[in-house]
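Trainee: Okay, here's the structure, questions in a sec.
Laboratory data are not the source of any read-out in this text; all were calculated from the coordinates shown. Bear in mind the structure is a predicted one, so any value in this text is a computation, not a measurement. Note: ideal-geometry Cβ built from the backbone for every residue, glycine included; neighbour counts use all protein chains shown.
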Amino acid sequence: MRHTQAISVTIPVELAEHMNRLQKTKMKNYSSIVTEALSDYLVKAEYGAQVNKMSQSALKAGIISEEDIDKAVHEVKHSAHDKKNNC
């Protein structure tokens, strides 16, 4: 079973030149550079999606300011503390 897949992409000349310089200075092959860059991009994209989702949830709950966040955190901590003491 293969764990890699060959792909072909077209990139701007300036980006290719930059990648050529990076490949020589870092002593990494192009596949490693592209894999690392794509992995970083996907992590950032997923993080952005999660931030957006949480922001929408916060707005629906009426949490808009840092003060609202502090209040919500305090309420959750207080509730958890009460549950712990009641058990």
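Trainee: Per-residue HN-Hα couplings for the range 3-15, Karplus 6.51 cos²θ - 1.76 cosθ + 1.60 at θ = phi - 60°, whole Hz, x for Gly and Pro?
Mentor: Rounded to whole hertz, the list is 10, 10, 9, 7, 9, 10, 10, 10, 10, x, 4, 4, 5.
Trainee: Another question about this same structure. I need ARG2, ARG21 ordered by Cβ neighbour count within 10 Å, fewest first. Can you show the working numbers first?
Mentor: On the way: ARG2 5, ARG21 9.
Taking fewest neighbouring Cβ atoms as first place, the list is ARG2, ARG21.
Trainee: Which whole-Hz couplings ³J(HN,Hα) result when phi for each residue of the range 67-79 is put into the Karplus expression 6.51 cos²θ - 1.76 cosθ + 1.60, θ = phi - 60°, listed in order with x for Gly and Pro?
Mentor: Each residue of the range 67-79 in turn: 4, 4, 5, 4, 5, 5, 4, 4, 5, 5, 4, 5, 5 Hz.
Trainee: Any idea what the dipole of the range 12-87 comes to, in debye rounded to 20, about its Cα centre with Lys/Arg Cβ at +1 and Asp/Glu Cβ at -1? Walk me through the intermediate numbers first.
Mentor: Numbers: 11 positive and 11 negative charges, 69 e Å.
I would put it at about 340 debye.
Trainee: Follow-up question, since we're still on this one. Can you give the direction-averaged projected area of the convex hull of the alpha-carbon atoms in the range 13-61, in nm²?
Mentor: Details: hull surface 17.3 nm².
Quarter of the Cα hull surface area: 4.3 nm².
Trainee: Quick check: convex hull of the Cα atoms in the chain, volume per residue, rounded to a whole Å³?
Mentor: Details: hull volume 22.2 nm³, N = 87.
For the chain, the hull spanned by Cα atoms encloses 255 Å³ per residue.
Trainee: Answer with one residue from PRO12, HIS78, ALA61: the one whose Cα lies farthest towards the positive end of the charge dipole of the chain, charges on Cβ with Lys, Arg +1 and Asp, Glu -1.
Mentor: The one lying farthest along the dipole's positive direction is PRO12.
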